[in-house]
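This report concerns only the one structure given below.
The values are calculated or read from the model by the stated rules, or taken from the named source; none is laboratory data. Small disclaimer: the values here were computed from a predicted structure and weren't measured. Every residue, glycine as well, gets a Cβ built from its backbone with ideal geometry; the counts of neighbours run over all protein chains shown.
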Amino acid sequence: MASLNVYSVLVVLFLTCRAIMATKENDQIIKENNCETTVGLPCVLEAFTSIFNTRSISNKCCGKLVVLGKVCHSALVKRTFENPLFKGLNPATIIAKSIQTWNNCLALIDSPSPSA
């Protein structure tokens with residue numbers, strides 16, 4: 001019985017360490033790539049409302065998001081899951097919406113604009 005408790009404690013410790021390492025990894029990616037200041041708060045809010053709600057993201061902010069890069073986009077979304085305010089969200093749904101927002105912006109930026 002005591003070995004089961006020790007095993008349980010080790011599993012919890014391992015999972016906690018992994019979560020802390022993931023947090024540090026995302027924070028490091030965000031810091032090294034200057035992810036938060038490159039896009040600007042208004043566009044970050046637009047991107048996140050398109051992922052966490054049903055609002056759309058403007059062409060201007062899509063362009064900034066694509067320039068920001070997939071690595072920053074993913075790290076910012078993953079870090080959001082670490083925030084206690086968002087702990088009730090379904091990660092699979094949010095990740096799917098995140099990918100959809102990214103792909104929509106990428107397609108918008110890659111498509112040629114109509115000539116005047």
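Hey, among the residues in region 52-68 that are assigned to a helix (DSSP H, G or I) and within 16 Å of the chain's Cα centre (by Cα), which one's farthest from Asn34 (Cα to Cα)? Filtering region 52-68 for residues that are assigned to a helix (DSSP H, G or I) and within 16 Å of the chain's Cα centre (by Cα), the one farthest from Asn34 (Cα to Cα) comes out as Phe52.
Name the residue that is surrounded by the fewest Cβ atoms within 10 Å (Cβ to Cβ), counting only residues in region 83-104 that are assigned to a helix (DSSP H, G or I) and of a type in the set (Gly, Ala, Ser).
Only one residue fits best here, namely Ala92.
The set of residues in region 37-58 that are more than 15 Å from Val77 (Cα to Cα) and out of contact with any Lys or Arg (no Cβ under 8 Å at 6 or more places or on another chain) comprises Thr37, Pro42, Thr54, Arg55, Ser56, Ile57, Ser58.
Residues that are at pLDDT below 80 and among the charged types (D, E, K, R) are absent from region 41-62. Can you name every residue in region 67-82 that is surrounded by fewer than 17 Cβ atoms within 10 Å (Cβ to Cβ) and either hydrophobic (A, V, I, L, M, F, W, C) or touching a Pro at 6+ places or on another chain (Cβ under 9 Å) (or both)? Hits for region 67-82 are Val67, Val71, Phe81.
For beta carbons closer than 6 Å, sequence separation of 6+ or different chains, a first residue in region 56-82 that is closer than 17 Å to Leu45 by Cβ and a second that is part of a helix (DSSP H, G or I) and among the hydroxyl-bearing types (Ser, Thr, Tyr), the qualifying pairs are Ser56/Ser50; Ile57/Ser50; Leu68/Thr38; Val77/Ser98.
I'd like to verify a number: residues in region 32-51 that are part of a loop (DSSP other than H, G, I, E, B) and β-branched (Val, Ile, Thr), how many? Walk me through it before giving the result.
Pass one, region 32-51, residues part of a loop (DSSP other than H, G, I, E, B): 33-34, 40.
Restricting the remaining residues to those that are β-branched (Val, Ile, Thr) gives none.
Within region 32-51, residues that are part of a loop (DSSP other than H, G, I, E, B) and β-branched (Val, Ile, Thr) number 0.
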